[in-house]
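The values are calculated or read from the model by the stated rules, or taken from the named source; none is laboratory data. Fair warning: this is a prediction, and the values are worked out from it, not measured in the lab. All Cβ positions, even for glycine, are placed from backbone atoms using ideal geometry, and neighbour counts span all protein chains on display.
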Amino acid sequence: MKSIGIKFNSRELNLDEGITLREFISMQIGKDLDSNSAAVDGSKLGIAAAVNGAVIPRSAWNSYTLAEGHSIELVTAAQGG
Amino acid sequence: MDTQNITELDINSDPFQVAGRTLSSRLILGTGGASSLTTLESALQASGTELTTVAIRHFSAAGESNVYDLLQRNNVIALPNTAGCFTARDAILTAHLAREALETNWIKLEVIADEHTLLPDPLELHAATEQLVADGFQVFAYTNDDPALAQRLQDAGVAAIMPAGAPIGSGLGILNPHNISTIVSRAQVPVILDAGVGTASDAALAMELGCDAVLLASAVTRAHNAPLMAMAMKDAVRAGRAARLAGRIPRRDTALASSPTEGMMQTLVGDFS
């Protein structure tokens, strides 16, 4: 399978071509996500994703296919303020 | 509110209403600066706060225990902030990410001018406020202690005005109480004193000046004993609020005896007249 090079939270990564944002995020957070990108275990995710500086709403993760050169940022709550 | 009829019972049920929600605590304890999540959790519990601030940062799979889970476990509402943003553009993107991640349209808007003072950049702050209000956010605007800017932010539709008492993390207290009073006197939305609190008396003063709530983090999280300072802040906010509602006596240039002169021994009265 062909691979694509992407940037994830400032790191370079190679992924299989055709991977969706939902599949990628599921892999990163270690939780199975259903087709609506809700956690199968019923927990709240508490994360958001942006690709190339634009927020991708959770409802669109499943239909969003990652491509060569994409810069993905995955964020969550951290101590602060 | 009719301050004459406030009783101790009333002060025990004196809800804080902000952005369409009712909170029982007027102390907002931020999560920043705690040495560990264990310390943070103890401090949050001791403070009695129902609302806390969080920053939005890169997800790291390494962090098996995280702030988000901690807040969920303790039923504390997360108010995400845009800390670290220097431009309206960055703050707006961060706010949208926060809304998506935490499923809330509340945002503590911070747009910082420079790293040395961490004071807000008024122009970027105002521009970001206008956009985020248009995007449907409840904007809690961290602002300078400037009544004119506070008015502009209010006109732009913020949910709350959050003037700094002093620079973030400085612990210098309230450097310009007069400005805070002026902001309070003109406000149609809640005023939350934010930043600069060093110790309990600063929090009490904020409430005595008429602020609706106090947001602080470092004063507790960096204290030698964080949970104990959290308790002190809880009491200070409550005491300051009660004092505000009770109505302080006017300041006078001369003394006013509190003991009656009537009924004094005759031999002494002459000495005072």
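What to note about this one:
- Qualifying residue in segment A:27-41 (condition: among the small types (G, A, S), within 14 Å of chain B (Cβ to nearest Cβ), under 11 Å from the mean Cα position of the chain (by Cα) and outside any loop (DSSP other than H, G, I, E, B)): no
- Only one entry in B:A242, B:A230 is part of a helix (DSSP H, G or I), small (G, A, S) and within 12 Å of B:L27 (Cα to Cα), namely B:A230.
- There is at least one residue in segment B:69-79 that is at the interface with chain A (Cβ under 8 Å from one of its Cβ atoms), in contact with a helix residue (DSSP H, G or I) (Cβ under 7 Å, 6 or more places away or on another chain) and without any contact (Cβ under 8 Å) to a residue 40 or more places away in the chain.
- Residues within segment B:21-57 that are at negative phi, more than 14 Å from every other protein chain (Cβ to nearest Cβ) and outside any helix (DSSP H, G or I), tallied: 8
- Those residues of segment B:88-102 which are facing chain A (nearest Cβ under 9 Å) and among the β-branched types (V, I, T), in sequence order: B:T94
- Any hit, segment B:86-95, residues being farther than 24 Å from A:I72 by Cα, of a type in the set (G, A, S), touching a helix residue (DSSP H, G or I) at 6+ places or on another chain (Cβ under 8 Å) and buried (at least 18 other Cβ atoms within 10 Å of the Cβ): no
- Matching residues in segment B:165-210 - criterion: being farther than 21 Å from B:D121 by Cβ, in contact (Cβ under 8 Å) with a residue 40 or more places away in the chain and surrounded by 24 or more Cβ atoms within 10 Å (Cβ to Cβ): B:A203, B:A206, B:M207
- Qualifying residue in segment B:102-113 (condition: surrounded by fewer than 19 Cβ atoms within 10 Å (Cβ to Cβ) and either without any contact (Cβ under 8 Å) to a residue 24 or more places away in the chain or over 23 Å from A:A78 (Cβ atoms) (or both)): yes
- A:E23 vs. criteria more than 30 Å from B:L70 (Cβ to Cβ) and either in contact with an Asp or Glu (Cβ under 9 Å, 6 or more places away or on another chain) or of a type outside the set (S, T, Y) (or both): no
- Filtered residues of segment A:42-81 (kept if away from chain B (no Cβ under 11 Å) and either on the phi > 0 side of the Ramachandran plot or without any contact (Cβ under 8 Å) to a residue 24 or more places away in the chain (or both)): A:G42, A:N52, A:G69
Conditions tested, residue by residue: (1) outside any loop (DSSP other than H, G, I, E, B); (2) modelled with pLDDT under 95; (3) within 17 Å of B:G20 (Cα to Cα).
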| residue | (1), (2), (3) |
| --- | --- |
| B:H116 | no, yes, no |
| B:Q131 | yes, no, no |
| B:A141 | yes, no, yes |
| B:R152 | yes, no, no |
| B:P163 | yes, no, no |
| B:L172 | no, no, no |
| B:S181 | yes, no, no |
| B:V184 | yes, no, no |
